[in-house]
1. Lysine pairs in segment 65-174 8 or more apart or on different chains: how many have alpha carbons under 22 angstrom apart?
2. Taking every pair of Cα atoms in segment 109-254, average 1/r, invert it to obtain the Kirkwood radius, and report Rg/Rh to two decimals.
3. Given an 8 Å cut-off on Cα distances and at least 6 residues of separation, report the relative contact order of segment 250-335 as a percent.
4. Residue by residue through segment 174-191, which ³J(HN,Hα) values in whole Hz follow from phi under the Karplus form 6.51 cos²θ - 1.76 cosθ + 1.60 (θ = phi - 60°), with glycine and proline marked x?
5. So which aspartates and glutamates can residue 306 reach, going by Cα to Cα under 19 Å and dropping same-chain residues fewer than 8 places off?
6. Can you check how the C-alpha radius of gyration of the chain compares to 2.2 N^0.38 Å, as a plain ratio?
7. Among the lysines, which fall within straight-line cross-link reach of residue 184, defined as a Cα-Cα distance under 17 Å, with same-chain neighbours fewer than 8 residues apart omitted?
8. Dividing the convex hull volume of the alpha carbon atoms of segment 128-190 by its residue count, what do you get in Å³ per residue?
Amino acid sequence: MKVLVTGGAGYIGSHTVVLLIEAGYDVVVFDNFCNASIESIRRVEKIVGEEITVIEGDIRNREDLHQVFNAHKIDAVIHFAGLKAVGESVEEPLKYYDNNVNGTAVLCEVMAEYNCKSIVFSSSATVYGDPHTTPITEDFPLSATNPYGRSKLFVEEILRDVYLANNEWKVVLLRYFNPVGAHKSGTIGEDPNGIPNNLMPFITQTAVGKRDVLSVFGDDYDTVDGTGVRDYIHVVDLADGHVKALDKIKNFTKVMTINLGTGKGYSVLEMVKAFEKASGKKVPYQIAPRRAGDIATCFADPSYAKKILDWEATKGIDEMCEDSWKWQRRNPDGF
Ligand code: NAD
Ligand code: UD1
């Protein structure tokens with residue numbers, strides 16, 4: 001089975017490519033490298049011991065996609081390509097709607113032209129907005145507080161409509177919680193541009209000396225220690241969820257919506273403590289005001305993923321921190 005991985009050079013995509021190849025899938029990577037480096041693919045090639053087909057192109061460009069589908073008989077698409085910076089999406093909403101929403105619509109049109117109707121899409125727990133309670137199940141009400149989140153909600157709706165219009169489609173909407181960690185080799189990992197927005201890369205960059213101090217955004221939430229609680233999931237577990245989704249897709253036609261999380265929540269300060277234990281490094285921090293748009297607590301009920309995909313997270317918080325640190329320590333300046 002040949003799988004097109006859009007955004008396959010990025011953080012989650014590169015880890016998924018490793019697992020797909022190890023599981024015996026033929027993989028074609030498609031990426032415009034707006035937020036990734038070809039070096040990530042070179043390193044994936046070292047991990048798996050084989051050359052990977054990479055096509056540079058943009059999901060919004062039909063010609064680029066035709067080139068891929070003419071050259072390869074693609075059976076399914078795992079669609080990671082997208083922009084993901086929440087703050088930037090508030091400042092430049094149209095860029096996000098063009099890239100994430102229009103890009104996905106063009107991709108689906110070209111897939112249909114070539115009779116490829118299987119897609120696994122990277123959605124996010126952000127589509128639950130501020131959940132009324134936790135753990136979060138897939139049937140919770142949906143909402144968004146920023147253009148990035150809305151672009152994920154819109155794409156979910158578009159893919160549901162695509163299926164309603166033609167029941168031959170197979171659609172898996174995977175809602176990720178908070179991916180962290182890196183491949184155990186320490187050779188691929190998360191390499192954010194500029195100052196990291198997310199907690200784990202900020203922690204690792206502080207530990208490696210690139211940042212002076214971590215700002216903890218708020219210590220007055222109704223949580224175990226007042227700091228925000230999230231469901232951190234090892235990126236390799238997340239990648240494995242995609243392989244399981246692809247295995248499953250062979251035997252059904254419908255839309256499946258699945259949380260990929262661990263079901264456990266950790267506070268910011270618990271994460272700092274776990275990271276210090278795993279790395280032996282001190283992470284200086286200061287309490288700062290709450291970040292606009294943040295919620296107190298977010299963690300998954302992952303039981304549907306277990307039932308439907310026979311998938312569950314296997315890596316705990318210590319391994320997440322150890323692997324994040326190994327990547328950062330070996331690659332202080334990223335790729
Ligand atoms: P990433 O930025 O590392 O990877 C995205 C990849 O897509 C990059 O390699 C980028 O160059 C490529 N890309 C972007 N726009 C493109 C386009 N128009 N055409 C072709 N390639 C394009 O991000 P990631 O963390 O690996 O996230 C992958 C997907 O998962 C994204 O859709 C993201 O929104 C979603 N997601 C991520 C998180 C997270 O915390 N990392 C959480 C939930 C959902
Ligand atoms: C954020 C995005 C979310 C996106 C997800 C993955 C916001 C409001 N939400 O989620 O839409 O899907 O990233 O990209 O941006 N924290 C600090 N100091 C920091 C960074 C974070 O204290 O320097 C705290 C946050 O307040 C939060 C927790 O750490 O409590 C996790 O933050 P983060 O990694 O940014 O993820 P989310 O906010 O869950």
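1. 8
2. 1.02
3. Over segment 250-335, the number comes to 42 percent.
4. Working through the residues one at a time gives 9, 9, 7, 8, 10, x, 9, x, 7, 4, 5, 5, x, 9, 10, x, 7, 10 Hz.
5. Residue 306 reaches 138, 139, 231, 237, 240, 247.
6. 0.95
7. Straight-line reach from residue 184, under 17 Å: 46, 315, 326.
8. Values: hull volume 8.9 nm³, N = 63.
Spelled out: Cα convex hull of segment 128-190, divided by residues, is 142 Å³.
Every read-out reported here was derived from the displayed coordinates using simple, explicitly stated rules and does not represent laboratory data. Model, not experiment: these values are computed from the prediction. Every residue, glycine among them, receives a Cβ derived from its backbone with ideal geometry; neighbour counts consider all protein chains shown.
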